[in-house]
Every structure is written in C-alpha cells, then in structure tokens.
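Single-structure report; data block below.
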Amino acid sequence: MGLRVWAPGRVNLIGDHTDYTGGLALPMAVGRGIEVTGDPGGSWIMVGSEQFDGMCELPLTIADPAAVEPPWARYVAGVAAELPARDGLIGTIASDLPPGRGLASSAALEVALALALGGDPTDPLGLAQACQRAEHRAVGVPCGIMDQLAIVAAVEDAALRLDCQELTFEPIPLPDDVEVVVVDSGQSRTLAASPYAERRVQCLHAEAIVGPLRQATPEDVEAIEDPVLRRRARHVTSENQRVDAMVAAFKDSDLRQAGELMVASHASLRDDFEVSTPYLDEAVRLLCETAGVYGARLTGAGFGGCVVALCHPYAVFDLPVPVVWRGRPGRGAFRAQV
Ligand code: GLA
C-alpha cells in the first residue's frame with residue numbers, strides 16, 4: 001500500500017521573531033504546500049524531487065546529515081536522523097509552495113518527510129520538535145518552533161496562538177467576512193545566508209541583561225544601554241503584546257483594530273528589529289492603499305519574501321506584485337494510505 005502526505009506552508013498573521021525567546025505568534029496554514037508520495041519499507045530512503053535536481057539516496061543510519069548531497073537531501077537526512085526513521089521509503093516530492101519566500105517551505109518539507117518516514121501525528125509537539133532539530137542539524141539554521149508546529153497543528157478556519165514558552169497552541173477562529181492575502185515582494189532569500197542567526201544572538205545578549213524577554217517590561221527594555229539591543233528587545237516585548245491584542249480583536253470581530261496591529265507590527269520589524277527591506281515596505285504600502293484591506297505586514301523572518309494582509313472578501317488586487325495565495329486558514333499536515 002502506498003502513502004500520500006501533504007504539508008501546507010504557513011503564513012504568520014502576527015508575532016515574528018518572538019518564538020526563539022519563548023514568545024507568542026499567530027500563524028495559520030495556507031492552501032499551498034508540499035506533497036510526498038511513495039512506498040514505505042525497506043532499508044533505504046530513495047526520494048526524488050520534481051523541483052530540484054539530483055536524487056536523495058540514504059541508508060537508515062546517517063552519520064552527518066549536513067554533509068549529504070545534493071543539498072536539498074540534507075532535509076531528508078536531518079528528518080530521518082532526528083525521528084529516527086525505522087523504515088525506508090521510495091518516493092517523490094512535489095510542491096506548489098515557492099521556496100525562499102517566508103512561507104516556511106523548509107518546515108513544510110520537513111513535516112511532510114517526517115510523516116512519510118513514520119513520524120507520529122498524534123504527538124504534534126514531538127513531531128514539530130524533531131523537524132526543528134532536523135533544520136538546526138542539517139542546514140544550520142537556528143530556527144524557532146513556530147513554523148513546524150503551525151504546519152503540524154494547523155486547524156481549518158482558525159489561526160493558532162502559539163505560546164513558545166509553554167509550547168502550547170490554541171485555535172483562534174478568524175472572524176467571518178475576512179480573507180487573508182499573501183503577496184510576494186519579489187525578493188527571494190535563504191535564512192542560512194540572512195542575518196537571522198545574528199538577530200537570535202542579539203536577543204540572547206538582551207536577555208543576559210534583562211532576563212527572559214517574555215517577562216521583560218517596557219521599563220526593563222528602555223534601560224538597556226546598547227541602542228541596538230534595546231531596539232531588538234523593544235520589538236520582541238511589544239510584538240508579544242500585539243499577538244494577544246490581535247487575539248482579542250479577532251474574538252471581538254474588530255478587523256480595523258486587527259489591521260492596525262499588523263501595521264504596527266510591520267513598523268516594529270522595520271525600525272526596531274530591522275528585518276524589512278524596501279521591497280517589503282513597498283508591498284505593505286501598496287496593500288494598505290487598496291480598498292478593503294484592513295492592514296498588512298511582512299510575514300516570517302523578513303529580509304525578503306512575502307507580505308500578508310487581512311482584507312474584505314470583495315477586495316480586488318491590481319498590484320505590480322503577485323498574489324501568491326488568498327483565502328481562509330487551511331488544514332494542517334496529514335498522511336493518507338493510497
Ligand atoms: C523563520 C523561523 C521561525 C521564526 C520566524 C520569524 O520562519 O523558522 O522559527 O523565528 O522566522 O518569526
């Protein structure tokens with residue numbers, strides 16, 4: 001019997017660069033993703049990709065996932081090593097999720113592979129953590145847990161409030177009469193080649209001064225002497241507050257307030273965390289000038305990639321930047337027998 005696994009990309013509505021300091025985030029699944037089809041069993045993992053060249057051929061015991069070729073196969077090796085996989089797989093990867101665009105294509109790939117290689121879907125946190133470790137080990141990106149957890153645990157028609165300190169997730173239904181639109185800024189990037197790791201280290205330095213950012217008060221943050229560390233900490237603490245303000249706005253169906261919070265989040269990512277780019281700022285501006293848009297912000301790590309907006313279902317987009325996806329929150333990853 002063969003299997004089919006599907007894992008969606010995610011878009012984060014608010015709460016970026018908060019997960020790796022135990023903060024809050026509000027991601028949801030989009031309707032584009034990565035599919036793995038194949039036959040489990042045997043003692044080899046042999047996987048091809050419709051998108052990338054070369055074949056992944058691995059034994060079940062993998063000493064160093066970071067040394068595997070071709071480079072995309074490092075994700076397969078990392079996941080297989082971290083689960084660890086007990087059975088092989090002969091399969092194919094297909095995707096309609098653009099890579100390097102801030103929609104968590106790496107995490108979607110990891111989760112799809114983890115489910116295809118026998119990962120336990122009844123333990124969403126364990127599955128997400130294995131995928132997070134795989135990314136650290138195989139490609140050296142010190143990512144937080146948001147992407148993997150969002151993809152595993154996503155619920156249709158809801159965003160997930162992730163508490164990355166407690167490692168809990170709560171579905172927050174989206175109000176009626178609103179859609180989520182994702183627009184490509186036209187700038188691609190990889191996290192490995194971005195200052196993502198540097199931002200993470202700066203947060204650690206700020207925490208060495210004021211303690212955990214999740215608990216730090218605005219007064220603590222303003223007392224940090226180093227202006228760069230002060231700005232980084234200010235973003236994180238204010239962004240955590242915005243996530244809960246957004247949850248409250250959704251519960252009250254207050255879409256104007258939700259949109260204002262997104263715009264404030266973008267400004268904070270641009271000015272205090274310094275992860276925006278002129279392309280992202282321009283895409284946010286264009287969206288915010290469109291009739292029926294409540295608010296927009298960069299989504300994910302920044303440094304390029306996509307912008308997310310909340311809009312009325314009747315909003316019409318005639319923009320110089322492409323709409324990658326539009327709709328309501330989709331379902332999380334799943335595995336089926338075929
Ligand atoms: C990337 C990482 C996540 C998170 C975001 C920024 O998507 O994989 O863990 O840190 O950036 O919010």
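List of remarks:
- Residues satisfying the stated conditions in the stretch 194-210, i.e. away from the ligand (no atom under 11 Å from the Cβ) and buried (at least 16 other Cβ atoms within 10 Å of the Cβ): 202, 206, 207, 209, 210
- Some residue of the stretch 269-278 being in contact (Cβ under 8 Å) with a residue 40 or more places away in the chain, part of a helix (DSSP H, G or I), surrounded by fewer than 17 Cβ atoms within 10 Å (Cβ to Cβ) and over 21 Å from the mean Cα position of the chain (by Cα): yes
- Any strands (runs of 3 or more DSSP E) falling wholly within the stretch 19-78 and containing at least 1 residues that are open to solvent by less than 60 Å² (accessible area, probe 1.4 Å) and either at pLDDT below 95 or within 16 Å of the ligand (Cβ to nearest atom) (or both): 27-40
- Residue among 160, 191 that alone is buried (at least 20 other Cβ atoms within 10 Å of the Cβ) and at pLDDT 95 or above: 160
- Check on residue 165, in a loop (DSSP other than H, G, I, E, B) and either over 14 Å from the mean Cα position of the chain (by Cα) or touching a residue at least 12 places away in the same chain (Cβ under 8 Å) (or both): yes
- Every listed requirement among (1) in contact with an Asp or Glu (Cβ under 8 Å, 6 or more places away or on another chain); (2) closer than 19 Å to residue 268 by Cα is met by residue 222 save one, (1).
- Qualifying residue in the stretch 325-338 (condition: open to solvent by less than 20 Å² (accessible area, probe 1.4 Å), within 20 Å of the chain's Cα centre (by Cα) and aliphatic (A, V, I, L, M)): no
- Check on residue 256, basic (Lys, Arg), open to solvent by less than 30 Å² (accessible area, probe 1.4 Å) and either under 30 Å from residue 311 (Cα atoms) or in contact with a strand residue (DSSP E or B) (Cβ under 7 Å, 6 or more places away or on another chain) (or both): no
- Residue, nearest to residue 120 (Cα to Cα), within the stretch 282-300, restricted to residues that are among the hydrophobic types (A, V, I, L, M, F, W, C) and open to solvent by less than 10 Å² (accessible area, probe 1.4 Å): 298
- Scanning the stretch 231-253 for residues that are among the acidic types (Asp, Glu) and in contact (Cβ under 8 Å) with a residue 24 or more places away in the chain turns up 239, 244.
- The one condition from (1) among the charged types (D, E, K, R); (2) within 16 Å of the chain's Cα centre (by Cα); (3) in a helix (DSSP H, G or I) that residue 101 does not meet is (3).
The values are calculated or read from the model by the stated rules, or taken from the named source; none is laboratory data. Worth saying up front: this structure is predicted, and the values here are computed from it rather than measured. For neighbour counting, all protein chains shown are included, and Cβ atoms are generated from backbone atoms with ideal geometry for every residue, glycine included. All accessible areas refer to the heavy atoms of the entire protein, side chains included, with ligands and DNA or RNA removed. Shrake-Rupley method; radii C 1.70, N 1.55, O 1.52, S 1.80 Å.
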